[in-house]
Amino acid sequence: MFEKLTSREKKLVYATAGLVPLAIVFAAIFWFIGQLEKKNSQIETLLTSIQIEEDTAYDAARAKRRRDFYGSISLPPNSFDAGNDYQLWLKSTLIELGMYEKVIPASYTAIKYQNKQIGKGMNFNVEARCDYNQLVKFLEKFNSVDLLHRINLIKITPENDMGRNDKKIRNGRLAVTLKIQALSLEIGEERTEFTNAVFDLARTSEDYESAILRRNIFGPANNIPVLSVSSRSSTSDATVSISARDADEQDLLKFEIVESAIEDFELKQSRPEDRRVQLKVPYQEPGKYDFKVQVTDNGFPPKVSVKDFSVTFKEKPAPRVTKREDPPPPAPFIRAQTTKITGIVRLITGDWQVWIIEGTTGEKFFLTEGESFKLDKMDWMVSSIQFDRVDIQVDGKILSFVEGDFLNQPRSKVSVPTENTTSQSTKESNSETST
């Protein structure tokens, strides 16, 4: 049959037979590419699902920790008994400060979340008579107790005595009305006493009382601060010393440049308590530049003092020729400064786990106590984990972190005693005992 074909037909058969394998090869290639894209899509979908699950677990852990915290500072779940105990604490605190007048018992309101009751709110009305100092002390005691309570309204009315010709004279006493709300959650812990927590914000309660009482509208008038500043001249960058005196020693002062012939300057005030500041002005074209400085105190009402001065720049002397030194080599990159504590969670097993992510590579670590990882050519071992803190041992030191900290900025640092140190202290102890 093949012999009967013409020469042209034979060529056509040969060409067709040669194209069939080529078509099969191309079909196989396209099929392989399609399968590869499908697998890549499946892998990307799985990675997205894993990330969503990790975020959900992290959010759940944070929500549980917040729930446990609110439960620890809530009034007990029995709202009736809790209301009576809280009312007794409120009365005793007012009586202790000598300002008790009346406490109207609580009215109760249901607290719901997603149509489910999670606790009750108790509302108290308090009437008191006191002076300004007693009111400040009550607010300090009220806010230093770790409870879910707050003051929703406070109304203060000065009391008056009748003077000559029926003229009203303020006597320094205040009539105070308070609306207080306290929460009793169903997850609250049992307690019968409400003790004042440590109220330590780097200042004592006397400091706060002094700062608040200084604003007493019934007290003496506020004194105006007095500025002291002199004009000066310079052939380089100029530094001007500005100071102020205030007869009210407790007042805090704020220095400002309110008018300036130039914009490129720096006024440095480290603390509000400072009575002296430095104005730094970079060198300008030769000439006189006028400034106006203002100081404001925080008295009641605030007082302001303003003063003018100038800075005159002269021609610079001829520059000295100095040999240029090569810049130092750049410091090596430290990965710890981009590595962050992203979470502290409690596993189903009851163990605590810390989550760490390295910012430059995105590498993640999920570690429990005793586990370690490599970073900056050092071994970092998790020595202990608590609900709000994690301790990591590295390079002979134990570093403490909280959630959100970077590993190059620990909250505290404690050296781990070495074997030689322990041995030496034991020898000294034995020597003292034998003596």
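Of everything in region 81-127, what is touching a Ser or Thr at 6+ places or on another chain (Cβ under 7 Å) and assigned to a helix (DSSP H, G or I)? Give them in sequence order. Ala82, Asp85, listed by residue number.
Output the number of the condition that Glu101 fails; it satisfies all remaining conditions of (1) at pLDDT below 85; (2) farther than 30 Å from Asn160 by Cβ; (3) not small (Gly, Ala, Ser). Every condition holds for Glu101 apart from (2).
Every condition in (1) part of a loop (DSSP other than H, G, I, E, B); (2) open to solvent by 80 Å² or more (accessible area, probe 1.4 Å) is met by Gly299 except one, and the failing one is (2).
Within region 359-378, residues that are touching a residue at least 12 places away in the same chain (Cβ under 8 Å) sit with their Cβ atoms under 6 Å from residues that are of a type in the set (D, E, K, R) and part of a loop (DSSP other than H, G, I, E, B), at 6+ positions apart or across chains, in these pairs: Thr368/Asp351; Met378/Asp395. Cβ-Cβ distances below 7 Å connect the following pairs, each with a first residue in region 155-179 that is open to solvent by 40 Å² or more (accessible area, probe 1.4 Å), a second residue that is acidic (Asp, Glu), and a separation of six or more residues or different chains: Ile169/Asp161; Asn171/Glu159; Asn171/Asp161; Arg173/Asp131; Arg173/Glu159; Thr177/Glu127.
What do you reckon, is Glu54 at pLDDT 85 or above, closer than 30 Å to Asp388 by Cβ and among the acidic types (Asp, Glu)? For Glu54, the condition - at pLDDT 85 or above, closer than 30 Å to Asp388 by Cβ and among the acidic types (Asp, Glu) - is met.
Would you call Asn152 modelled with pLDDT of 70 or more, surrounded by fewer than 16 Cβ atoms within 10 Å (Cβ to Cβ) and under 30 Å from Leu279 (Cα atoms)? It is false that Asn152 is modelled with pLDDT of 70 or more, surrounded by fewer than 16 Cβ atoms within 10 Å (Cβ to Cβ) and under 30 Å from Leu279 (Cα atoms). Checking each residue in region 213-259 for being acidic (Asp, Glu) and either modelled with pLDDT of 85 or more or surrounded by 14 or more Cβ atoms within 10 Å (Cβ to Cβ) (or both) picks out Asp237, Asp246, Asp248, Asp251, Glu256, Glu259. Taking the criterion of being farther than 30 Å from Lys316 by Cβ, in contact with a strand residue (DSSP E or B) (Cβ under 7 Å, 6 or more places away or on another chain) and without any contact (Cβ under 8 Å) to a residue 60 or more places away in the chain, would at least one residue in region 230-240 satisfy it? No: region 230-240 contains no residue that is farther than 30 Å from Lys316 by Cβ, in contact with a strand residue (DSSP E or B) (Cβ under 7 Å, 6 or more places away or on another chain) and without any contact (Cβ under 8 Å) to a residue 60 or more places away in the chain. The listed residues are Asn143, Asn115, Asn125, and the only one of them that is within 16 Å of Leu183 (Cβ to Cβ), open to solvent by 50 Å² or more (accessible area, probe 1.4 Å) and either of a type outside the set (Gly, Ala, Ser) or in contact with an Asp or Glu (Cβ under 9 Å, 6 or more places away or on another chain) (or both) turns out to be Asn143.
The values are calculated or read from the model by the stated rules, or taken from the named source; none is laboratory data. Values in this document were obtained by computation on a predicted structure and should not be read as measured data. In this analysis, Cβ positions are derived from the backbone assuming ideal geometry, glycine residues included, and neighbour counts consider all displayed protein chains. We work out accessible area using only protein heavy atoms, side chains counted, and drop any ligands, DNA or RNA first. Shrake-Rupley method; radii C 1.70, N 1.55, O 1.52, S 1.80 Å.
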